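A quick write-up on the structure given underneath.
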């Protein structure tokens, strides 16, 4: 009987340090929902661009240049840069939170 209780204790210890299955399932569903809504947004934007492309508009690329002000980056470059900054900040925050958690909750000794 001792090996069975040890096995149960080991399983309980392993489960307490791992992310529960329901949390993993929630994560998957959340990411899937976000991706679906993103695709809907892209579809809507493409439809809108098609609809307004027939309207006469002034070309935004023909704006006058301001002396001494460098040209602005393209939309894609600005978007990539912004998300790179956000990713760097999120990684720094994650490292900080893990370090703080390790400081406040010392590891258990076996």
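With a point put 7 Å past each Cα toward its Cβ, work out how far residue 52 is from residue 31 in nm, to one decimal.
If labels sit at residue 52 and residue 31, their model points lie 3.3 nm apart.
What is the spin-label model distance, in nm, from residue 96 to residue 77 if the labels are put 7 Å beyond Cα along the C-beta direction?
3.0 nm
Bear in mind these aren't lab numbers, they're just calculated from the coordinates by the rules spelled out. Please read these numbers as outputs of a predicted model, since none were measured by experiment. Cβ coordinates were reconstructed from backbone atoms using ideal geometry, including for glycine residues, and neighbour counts include every protein chain displayed.
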